[in-house]
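A quick write-up on the structure given underneath.
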Amino acid sequence: MNSIKLFERRDELKQIIADFRAELKDVEEQLSDMFLPLARDALRVNGKDFGTAHIVEGNVRMKVNVAKKITWDQDELRDTFDNMTPENAQHYAKLTYGVEERKYTSAPPSIKATLENCRTTEVGRFSVEIEDQ
């Protein structure tokens, strides 16, 4: 298969995948509309808001998982950890350091030299496109 055909086939597959993802999202939303209220009711009977519930519809038994999603207020969390003992803050907090690439590339040579040993460069996502002529 020549390169032009590969690009064309890739574009076709991307469209097929996008169509399937949209359809899958729609089906998932319909299933959620049907079964999430039933699952929440079944969980509440056991004093729970999240977890696994078993629902029977007709002669089909379904297992429905209602997962818990947690988000944290970052500013409030930072202030809370600042007010804890360092030992407790270190035990409970998860801290990740990073440097924005644009700041690194515009940094003075002395700062770049200081950060260089901490930086690893790897090949990221690869893409190739046909340019319009």
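The values are calculated or read from the model by the stated rules, or taken from the named source; none is laboratory data. Everything numeric in this text was worked out from a predicted model, so none of it was measured. Please note: Cβ atoms are built from the backbone with ideal geometry, for glycine as well, and neighbour counts cover all protein chains shown. Just so you know, the surface numbers come from the protein's heavy atoms only, side chains and all, with ligands and any DNA or RNA stripped out. Shrake-Rupley method; radii C 1.70, N 1.55, O 1.52, S 1.80 Å.
Return the only residue of 113, 89, 93 being of a type in the set (Gly, Ala, Ser), touching a helix residue (DSSP H, G or I) at 6+ places or on another chain (Cβ under 7 Å) and farther than 30 Å from residue 51 by Cβ. It would help to see each step written out before you state the result.
On the way: 113 fails: touching a helix residue (DSSP H, G or I) at 6+ places or on another chain (Cβ under 7 Å); 93 fails: farther than 30 Å from residue 51 by Cβ.
One residue alone meets the criteria, 89.
Wholly within the range 25-131, which helices (runs of 4 or more DSSP H) include no fewer than the required count, namely at least 2 residues that are among the β-branched types (Val, Ile, Thr)?
Filter on the range 25-131 gives 109-116.
Residue under question is residue 69, and the condition is that it be under 22 Å from the mean Cα position of the chain (by Cα), within 30 Å of residue 95 (Cα to Cα) and open to solvent by 70 Å² or more (accessible area, probe 1.4 Å); does it hold? Give the steps one after another, and end with the answer.
On the way: under 22 Å from the mean Cα position of the chain (by Cα): yes; within 30 Å of residue 95 (Cα to Cα): yes; open to solvent by 70 Å² or more (accessible area, probe 1.4 Å): yes.
In short, yes.
Taking the range 1-14, which residues are within 20 Å of residue 132 (Cα to Cα) and either assigned to a helix (DSSP H, G or I) or open to solvent by less than 70 Å² (accessible area, probe 1.4 Å) (or both)?
3, 4, 5, 6, 7, 8, 9, 10, 11, 12, 14
Every residue, every condition in (1) small (Gly, Ala, Ser); (2) touching a Lys or Arg at 6+ places or on another chain (Cβ under 6 Å); (3) open to solvent by 70 Å² or more (accessible area, probe 1.4 Å), yes or no:
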position: 32; (1), (2), (3): yes, no, no
position: 42; (1), (2), (3): yes, no, no
position: 61; (1), (2), (3): no, no, yes
position: 80; (1), (2), (3): no, no, no
position: 90; (1), (2), (3): no, no, yes
position: 101; (1), (2), (3): no, no, yes
position: 116; (1), (2), (3): no, no, yes
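List the residue pairs whose Cβ atoms are under 7 Å apart, where the first residue sits in the range 114-133 and is over 13 Å from residue 101 (Cβ atoms) and among the β-branched types (Val, Ile, Thr), the second is outside any loop (DSSP other than H, G, I, E, B) and modelled with pLDDT of 90 or more, and the two are 6 or more positions apart or on different chains.
These pairs meet every condition: 130/7.
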